[in-house]
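Data first, discussion second: the structure below is written as structure tokens.
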Amino acid sequence: MLKLEFLIFKQNKMKKIGISLIVLLFTTSSFAQNIGKYLESQKHVMKKEKKEMVKDVLELTEDQSKVFWPIYDEYMNELKPFNNILVNTITEYMDKYETMTNADADRLYKNYMVVDESWLKLKKKYYKKMHKVLPAIKVVRYFQLENRLRIMILGDLTIDLPMVGDNDGE
């Protein structure tokens with residue numbers, strides 16, 4: 001039970017980071033100017049917290065840790081460009097939602113789909129890599145945590161975004 005309570009504590013801590021991001025960004029004059037700065041300043045905190053959560057959830061042996069963490073780091077590095085596209089897409093959406101054209105909406109959603117498709121391809125690739133060196137249960141637990149964190153962070157980032165078309169578009 002302690003492990004579950006600790007995980008909930010860690011998830012709440014990550015959620016607070018996401019909520020503070022939303023509060024900061026939506027209470028300032030320019031979302032686009034502030035999202036990059038804030039994310040950059042919080043990146044090391046979120047990265048460290050996430051790594052601690054992964055460590056706590058997986059409970060890897062010393063031998064498993066030696067093979068898992070290099071794969072994890074490789075996976076995180078491959079995700080970076082797609083996470084950047086996602087942040088840029090959300091930033092551009094916030095900048096343009098009041099003047100959004102059909103062409104803008106189409107392009108931005110296609111960017112989002114590229115991120116989703118790329119993330120799925122990477123998950124498949126890294127599931128195979130991790131499964132070669134870890135039991136399936138540990139690999140599945142890892143990706144369950146990844147999925148939960150992604151849903152939580154995306155939810156926090158997008159819950160207050162206005163719906164496209166609220167401006168009557170083109």
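All of the numbers you see were taken from the coordinates with simple rules; none came from a lab. Model, not experiment: these values are computed from the prediction. Backbone-built Cβ (ideal geometry, glycine too); neighbour counts: all protein chains shown.
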Using the Karplus curve 6.51 cos²θ - 1.76 cosθ + 1.60 with θ = phi - 60°, what ³J(HN,Hα) values do you get for each residue of the range 104-114, in whole Hz, with x for Gly and Pro? 4, 4, 4, 5, 5, 5, 5, 4, 4, 5, 4
Of Lys48/Lys125; Lys50/Lys121; Lys66/Lys128; Lys66/Lys124; Lys47/Lys128, which ones are farther than 19 Å apart at the Cα? Lys48/Lys125; Lys50/Lys121; Lys66/Lys124; Lys47/Lys128
Classify the range 89-170 as rounded, prolate or oblate, taking a ≥ b ≥ c as the square roots of the eigenvalues of its Cα gyration tensor: rounded when a/c is under 1.5, otherwise prolate if a/b is larger than b/c and oblate if not. prolate
Could you list Ile159, Ile90, Ile71 in order of exposure, starting from the residue whose Cβ has the fewest other Cβ atoms within 10 Å? Ile159, Ile71, Ile90
Computed ³J(HN,Hα) along the range 126-139: with the Karplus parameters 6.51/-1.76/1.60, θ = phi - 60°, integer Hz and x for glycine or proline, the list is 7, 4, 4, 4, 5, 5, 5, 10, 10, x, 4, 4, 5, 5
